[in-house]
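The values are calculated or read from the model by the stated rules, or taken from the named source; none is laboratory data. Keep in mind the model is a prediction, meaning the values are calculated, not measured. Cβ placement follows ideal geometry from the backbone for every residue including glycine, while neighbour counts extend to all protein chains displayed.
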Amino acid sequence: MRLNPTIPLKMMTAAVLHGKEDVRIEQVAVPQAGPGELILRVAVALTCGTDLKVFRRGYHARMIKPPALFGHELAGFVAEVGTGVTGFKVGDQVVALNSAPCGRCYYCRRDQENLCEDLLFNNGAYAEYVRIPERIAAKNTILVPHGVPLEHAALTEPLACAVHGFEDCNPRAGDTLAVIGGGPLGLLLIHVAALAGCEVIAVVKRPSQAKAAHALGAAHVVHTTHATNVVEAVRALTPDKRGVDIAIEAVALAETWEQAVEMVRNGGVVNFFGGPAAGTKVSLDTNRLHYGDITLKATFHHTPAICRRALELIAGGKFKAGYFITGRAPLSELNEVFAQMADRGNQIKTAILPGDGMLPGQLAGDLGLFP
């Protein structure tokens, strides 16, 4: 790594997206830090449902166009500091988020930074080193507290999305909250809500998801494959079958969007957290929406402030970060990991370890950054 000008440029191993289901593990040049930028040595990168979608489609209209370095959930060590950077030094343990807002557009000025008109995304987590652009280095790279494992810190980005979705519902302790979906983000939402004192009803499909939901704080679990009517099964768990205070949809299907509206009580809140494919249409009972005084909303992405709250939650000790890391694999096996994800295995998130499968602690020693 070019930690000073006397060290010659090296090559690194990285995952490169070339198109639909075409990710190649290649040798590419180690990036160099420009003004205001950071270079991180990646300790761990986590798999994500968004990455699987990108893998299947071969691109993402806003975030990545091939050929391009791939992956966006990571934590690591600062390996190079660009000119003008303050607040970081070589050896710092950090989590670098996948985006940063501009701070100047209409939405940023209205404190809606997740909707920034010039939201800058970054990819390249599935690699030995990653370049962090100036804006993300300045606004959305966070020091990881000592004692927090880096593979836990790498959960900051998806957890921030879940925290944003939960907070967007204006919950109160004691609320009954249903989460439809037992994928990684559904489970994050369940855990966040349970930690906040909500009575959580998890609506899931597979036995492994039910087990995880219980472990992460769900008071009740409704199996979609066992229930004759999912909406009635959820309502039966509420006083007088009136429905839940909050329903969060985290599956991204028209059917489950409609179910979320039907299972919430009058005066309740529905959050369409899962994003269906473009062009998807839903059918809703407008009479019930109006006379039931139901609030409908959707939550997208995160903001720098929410990302900091997410890392604080991870570092606080009550959040079961380790439960979400259900597998580890070297970078060379990334395609096999995606195949397992596509086959809907029992893994929640797999930690991809770029340094020949070394664990994060071994990477620290390898860098010579700590005694």
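Key figures
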read-out: Pick from region 38-72, criterion among the β-branched types (Val, Ile, Thr) and free of Cβ contacts under 8 Å to residues at least 40 places away in the same chain, ranking: surrounded by the fewest Cβ atoms within 10 Å (Cβ to Cβ); value: Thr50
read-out: Conditions (1) over 17 Å from the mean Cα position of the chain (by Cα); (2) closer than 21 Å to Leu253 by Cα; number of the one not met by His164; value: (1)
read-out: Subset of region 8-42 (residues that are assigned to a strand (DSSP E or B) and on the phi > 0 side of the Ramachandran plot); value: Gly19
read-out: Residue list for region 301-322, filter: within 14 Å of Ala154 (Cα to Cα), of a type in the set (A, V, I, L, M) and within 15 Å of the chain's Cα centre (by Cα); value: Ala310, Leu311, Leu313, Ile314, Ala321
read-out: Helices (runs of 4 or more DSSP H) (entirely within region 198-306) containing at least 3 residues that are among the β-branched types (Val, Ile, Thr); value: 230-235
read-out: Selected residue [buried (at least 24 other Cβ atoms within 10 Å of the Cβ), modelled with pLDDT of 95 or more and not assigned by TED's automatic domain parsing to the domain that holds Lys318] from Leu187, Leu195; value: Leu187
read-out: Residue satisfying all of: in region 80-119; part of a loop (DSSP other than H, G, I, E, B) and of a type in the set (A, V, I, L, M, F, W, C); surrounded by the most Cβ atoms within 10 Å (Cβ to Cβ) among these; value: Leu97
read-out: Arg288 touching a residue at least 12 places away in the same chain (Cβ under 8 Å) and more than 25 Å from the chain's Cα centre (by Cα); value: yes
